[in-house]
1. Taking the criterion of being of a type in the set (D, E, K, R), open to solvent by less than 20 Å² (accessible area, probe 1.4 Å) and within 30 Å of Leu55 (Cβ to Cβ), would at least one residue in segment 138-161 satisfy it?
2. So is Lys354 assigned to a strand (DSSP E or B), at pLDDT 85 or above, of a type in the set (D, E, K, R) and closer than 30 Å to Ser127 by Cβ or not?
3. Could you say which residue among Ile183, Ile187 is of a type in the set (Val, Ile, Thr), more than 29 Å from the chain's Cα centre (by Cα) and exposed (fewer than 13 other Cβ atoms within 10 Å of the Cβ)?
4. For segment 329-351: of the residues being open to solvent by less than 40 Å² (accessible area, probe 1.4 Å) and modelled with pLDDT under 85, which is nearest to the chain's Cα centre (by Cα)?
5. Please enumerate the residues belonging to segment 273-328 that are basic (Lys, Arg) and modelled with pLDDT under 90.
6. Is it true that some residue in segment 212-224 is under 26 Å from the mean Cα position of the chain (by Cα), under 19 Å from Arg102 (Cα atoms) and open to solvent by less than 50 Å² (accessible area, probe 1.4 Å)?
7. Taking into account only those residues within segment 96-137 that are of a type in the set (Gly, Ala, Ser) and within 26 Å of Thr250 (Cα to Cα), which is surrounded by the most Cβ atoms within 10 Å (Cβ to Cβ)?
8. Just the residues that are in contact with a Gly (Cβ under 8 Å, 6 or more places away or on another chain) and of a type in the set (D, E, K, R), please, taken from segment 320-363.
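The values are calculated or read from the model by the stated rules, or taken from the named source; none is laboratory data. Just so you know, these numbers come straight off a predicted model, no measurement behind them. Neighbour counts are summed over all protein chains in view; Cβ atoms, including those assigned to glycine, are modelled from backbone coordinates with ideal geometry. To get the accessible areas, we keep the full protein, side chains included, count just its heavy atoms, and leave off ligands, DNA and RNA. Shrake-Rupley method; radii C 1.70, N 1.55, O 1.52, S 1.80 Å.
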Amino acid sequence: MVLFPKPRHRAQQQRRTPSDTMIILLVLLSMSHTGLTAIAGYEEAEKNLLTKLGLKRRPVVDENLKIPPATMELYKSMLEQNNVTPHFPLPGSHTTSANTARAYYNKRSAPTNAKSKKYRLEFDIDSLPEQDQIKAAEVRFTMKYDEVLRNEETIYIVIHDIIQPGKKGLSKPILRIIDSKSINMSIVSKTESFDVTPFIERLAKNNFKDNHGMLVQCVTESGSHTHLLNVFDFLSPDNTLLLVYTDDGTISDKSTLEQISRRSKRSTSEVARQEKRAKKKKICQRYSMYVDFKDIGFSDWIQAPPGYDAFYCHGECTFPLANHINASNHAVMQTLINSHNPATVSRACCVPTKLSTQTLLYVDDDGKLVVKNYPDMTVEECGCR
């Protein structure tokens, strides 16, 4: 029977080695294929993995969950960029340190007045994980395609933070402009994005207690017949989305664009020759290991992808160690000593020497959709250590 360690407190969890997540995935996969999924050990391994992924408990997913197009587009864009950088491109910001994006729906129904030029947005955001640092936030609107209104008119959209709501007949609301944009109605895009980072930063300072929403204002020329409902699609909650970008500190500073780009420039023909030689000698090399989230019981809360190739390392580290198997100086010395006297020391081990991120789209333990780049999920290179 496989024995698992008891859950460690937060300080201990943060000292886990980079390959901890890979090890837990291997354990879960092996147990799911050997009929041991019902034993307590599997539950403990699952709990450890959820903790590693930053979740307090197993998420419970609403059967009627819909994934907004904007969220799926963000997920797909990050899949394409994963080979270049593990960071999210942030709106209105030059920093590239966010690795998590949380999506929130607009809770308000569509304006009842078809000629309304103001509309209040409300998003159910009341907390963020303690370790997450806010990097940026944006509101994405789905645009309407009205052929009649495709003219040369330019409208102005202003986004206000509602600092304090007004009281009817007594006081006006206290507002602060956080972003604005001019839109030419003849060339409207599919979506429009507004940077609302100051709104989220203000809420976070007071533990999200003063969330009164935001006010969208449509400013037009005198005599214009263009109104908010002509511009934005407010009929469905998922057509207006708040995306909050955070950094949980799990991606190392070493994962810079320059280093990752340098890694991606390795000659494919050189890699092919190395793998061919490795297979002949059965020396340390990388093998395919597909992680199917359905097999390990995660397909209900991980919405995408259905699985991914995590790879694993296996093979011998025999004397003399070839240059292409990426051995450390210590491994070279250990193998040399082993070749002279095997009883003195064992051979060096074949282990992952480079790991990369994997993008997941999932439902967190608060029922919110999250797009996140998890580090150390895929083996890129193996070597002797």
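1. First, the residues of segment 138-161 that are of a type in the set (D, E, K, R): 138, 140, 144, 146-147, 150, 152-153, 161.
Filter once more, keeping what is open to solvent by less than 20 Å² (accessible area, probe 1.4 Å): 138, 161.
Then keep just the ones that are within 30 Å of Leu55 (Cβ to Cβ); that gives 138.
Within segment 138-161 (the criterion being of a type in the set (D, E, K, R), open to solvent by less than 20 Å² (accessible area, probe 1.4 Å) and within 30 Å of Leu55 (Cβ to Cβ)), the answer is yes, since at least one residue qualifies.
2. On the way: assigned to a strand (DSSP E or B): yes; at pLDDT 85 or above: yes; of a type in the set (D, E, K, R): yes; closer than 30 Å to Ser127 by Cβ: no.
No.
3. Values: Ile183 fails: exposed (fewer than 13 other Cβ atoms within 10 Å of the Cβ).
Within the list Ile183, Ile187, the selection yields Ile187.
4. Per the stated criteria, the residue is Ala331.
5. Step one: of segment 273-328, the residues basic (Lys, Arg) are 273, 276-277, 279-282, 286, 294.
Scanning segment 273-328 gives Arg273, Lys276, Arg277, Lys279, Lys280, Lys281, Lys282, Lys294.
6. So the first thing to find is which residues in segment 212-224 are under 26 Å from the mean Cα position of the chain (by Cα), and the list is 213-214.
Now restrict to residues that are under 19 Å from Arg102 (Cα atoms): 213-214.
Right, trim to open to solvent by less than 50 Å² (accessible area, probe 1.4 Å) and you get 213-214.
Within segment 212-224, one or more residues are under 26 Å from the mean Cα position of the chain (by Cα), under 19 Å from Arg102 (Cα atoms) and open to solvent by less than 50 Å² (accessible area, probe 1.4 Å).
7. Keep residues of segment 96-137 that are of a type in the set (Gly, Ala, Ser), which gives 97-98, 101, 103, 109-110, 114, 116, 127, 136-137.
Among the residues that remain, those that are also within 26 Å of Thr250 (Cα to Cα) are: 97-98, 101, 103, 127, 136-137.
On the way: Ser97: 18, Ala98: 24, Ala101: 25, Ala103: 21, Ser127: 10, Ala136: 23, Ala137: 29.
Checking each candidate, the answer is Ala137.
8. none
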